[in-house]
Amino acid sequence: MPIHLNGRSLLTLRDFRADEIQQMIDTAADLKAAKRSGLFPRRLAQKNIAMIFLKPSCRTRASFAVAAADEGANLEILPPEDIRFGQKESVKDIARVLGRLFDGIVFRGFEHELVSELSRWAGIPVWNALCDTYHPTQVLADLLTIRETFGRIRGTRLCYVGDGRNNLATSLMIGAAKMGVDLRILAPAKLQPSPALVKELLDDASVGAAIRVSEDPAEAMAGCDAVYGDVWVSMGEEDLLAERVALLRDYKVTPDMMRLTGRADTIYLHCLPALHDLATEFASENPEVCEVDDAVFESPQSRVFEQAENRMHTAKAVMVLTAG
Ligand code: CP
Ligand code: NVA
């Protein structure tokens, strides 16, 4: 029986049960297969979607745009300098206006409270396209990529390496707890998630789920199916780069680090954008800021571009299920 998600916002995966997240992933897989066969059911025909990004984006914005076009929706990008939340107009007022005109809002901002307030007053689904605390649509694509690779999600072993307190690490912990992933967070002590949050998530976890936090690469990587990277400084905290490099320089994912899994078939995932040695002029000139070595990023075990494509199929599933 399909579960009804119509009208729901996606602010964080914490608000969804495991069977609801499963439905989003299953729907994404179905929509991906349909697109491969040239089928476009246009489940969002006559729908109008607003998109507001207060931080830069390539994948998320492009994914929602292509997904909306595939399903027949009209997409309107509202530049933040026109909206000016809380300066020109209150969030509550903007939300109530957009809620009268649109059928869904894709929103990327800073504090989680802003996207929550938008959702509270808009009365239509609001999809959190990343905030300082969460990145739920990314984790749906990650879970789909894991399932495509291993044929299952439950019981897979995943090691996230980097800033263990950022939006991605937090959302991966939520996704792991809900979907039964054995997740290891490999991070230096200063960048580890709070034990209280880990406990809270595990109290509500499903079968197979684990969240282990470690600063020891050998312990965290052992036996992993997948290793996951993110940038060391998230958007908005660029001035912390030197501090993060000092904390994370021993955590760069190199071929030697990958060998700590003890397996040859471990895949490498990254939400992107990535700083790998040859990624940009800045990265080539400053290899110490790179979280991953090119030899890993460009290896046959890297699934980062499949993962990026899956952003679109999962964004489409979320829109179709909640606003279709
Ligand atoms: N992974 C991700 O969210 O990428 P963008 O910042 O380019 O949207
Ligand atoms: N943690 C990163 C994720 C980018 C997709 C950031 O917030 O910048």
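Taking only the stretch 264-277 into account, find how many residues are away from ligand 1 (no atom under 16 Å from the Cβ) and either open to solvent by less than 70 Å² (accessible area, probe 1.4 Å) or in contact with a Ser or Thr (Cβ under 7 Å, 6 or more places away or on another chain) (or both). Matching residues across the stretch 264-277 total 3. Residue count for the stretch 265-282 under the criterion of being without any contact (Cβ under 8 Å) to a residue 40 or more places away in the chain and within 18 Å of S57 (Cα to Cα): the result is 2.
Kindly indicate whether L202 is under 24 Å from S9 (Cα atoms) and either over 15 Å from the mean Cα position of the chain (by Cα) or buried (at least 17 other Cβ atoms within 10 Å of the Cβ) (or both). Spell out the reasoning first.
On the way: under 24 Å from S9 (Cα atoms): yes; either over 15 Å from the mean Cα position of the chain (by Cα) or buried (at least 17 other Cβ atoms within 10 Å of the Cβ) (or both): yes.
Yes; evaluated as a whole, the condition is true for this residue.
Can S57 be described as surrounded by 13 or more Cβ atoms within 10 Å (Cβ to Cβ) and free of Cβ contacts under 8 Å to residues at least 12 places away in the same chain? Give the steps one after another, and end with the answer.
Working: surrounded by 13 or more Cβ atoms within 10 Å (Cβ to Cβ): yes; free of Cβ contacts under 8 Å to residues at least 12 places away in the same chain: no.
So S57 does not fit the description; no.
Could you say which residue among A141, A169 is touching a strand residue (DSSP E or B) at 6+ places or on another chain (Cβ under 8 Å) and modelled with pLDDT of 95 or more? That would be A169, the only listed residue that is touching a strand residue (DSSP E or B) at 6+ places or on another chain (Cβ under 8 Å) and modelled with pLDDT of 95 or more.
If a residue must be free of Cβ contacts under 8 Å to residues at least 60 places away in the same chain and either within 15 Å of ligand 2 (Cβ to nearest atom) or not β-branched (V, I, T) (or both), how many such residues does the stretch 234-249 contain? Total satisfying the criteria: 10. Each residue in the stretch 159-217 was checked for being within 16 Å of ligand 2 (Cβ to nearest atom) and either in a helix (DSSP H, G or I) or more than 25 Å from M257 (Cβ to Cβ) (or both), and 10 of them qualify. Pairs under 9 Å by beta carbon, first residue under 12 Å from Q23 (Cα atoms) and open to solvent by 10 Å² or more (accessible area, probe 1.4 Å) in the stretch 312-324, partner aliphatic (A, V, I, L, M) and part of a helix (DSSP H, G or I), six or more apart or different chains? Between residues of the stretch 312-324 that are under 12 Å from Q23 (Cα atoms) and open to solvent by 10 Å² or more (accessible area, probe 1.4 Å) and residues that are aliphatic (A, V, I, L, M) and part of a helix (DSSP H, G or I), the close pairs are V320/L31; V320/A67; L321/M24. Figure legend. Inter-residue proximity from the stretch 134-160: first residues more than 17 Å from H270 (Cβ to Cβ), second residues at pLDDT below 95 and open to solvent by 10 Å² or more (accessible area, probe 1.4 Å), beta-carbon distance below 6 Å, spacing 6+ or different chains. Indicated pairs: R154/G208; G155/G208. Here A220 meets the list (1) in a helix (DSSP H, G or I); (2) free of Cβ contacts under 8 Å to residues at least 40 places away in the same chain; (3) of a type in the set (G, A, S) almost entirely, failing just condition (2). For the stretch 112-135: of the residues being polar (S, T, N, Q) and either within 10 Å of ligand 2 (Cβ to nearest atom) or farther than 15 Å from S57 by Cα (or both), which is most open to solvent (accessible area, probe 1.4 Å)? The residue in question is T133. Inspection of the stretch 83-91 finds a residue satisfying the criterion of being of a type in the set (F, W, Y) and away from ligand 1 (no atom under 16 Å from the Cβ).
Can you tell me how many residues in the stretch 289-300 are within 15 Å of D230 (Cα to Cα) and in contact (Cβ under 8 Å) with a residue 40 or more places away in the chain?
Step one: filter the stretch 289-300 for residues within 15 Å of D230 (Cα to Cα), giving 289-294, 296-297.
Keeping just the survivors that are in contact (Cβ under 8 Å) with a residue 40 or more places away in the chain gives 289, 291-293, 296.
Residues flagged as within 15 Å of D230 (Cα to Cα) and in contact (Cβ under 8 Å) with a residue 40 or more places away in the chain within the stretch 289-300 amount to 5.
Would you confirm whether any residue within the stretch 37-46 is buried (at least 16 other Cβ atoms within 10 Å of the Cβ), modelled with pLDDT of 95 or more and touching a His at 6+ places or on another chain (Cβ under 9 Å)? Scanning the stretch 37-46, I find no residue that is buried (at least 16 other Cβ atoms within 10 Å of the Cβ), modelled with pLDDT of 95 or more and touching a His at 6+ places or on another chain (Cβ under 9 Å), so the answer is no.
The values are calculated or read from the model by the stated rules, or taken from the named source; none is laboratory data. Since the model is a prediction, treat every value here as computed from it, not as a measurement. Glycine also receives a Cβ, built like all others from the backbone with ideal geometry; neighbour counts cover every protein chain displayed. Note: accessible area is taken over every heavy atom of the protein model, side chains too, but ligands, DNA and RNA are not part of it. Shrake-Rupley method; radii C 1.70, N 1.55, O 1.52, S 1.80 Å.
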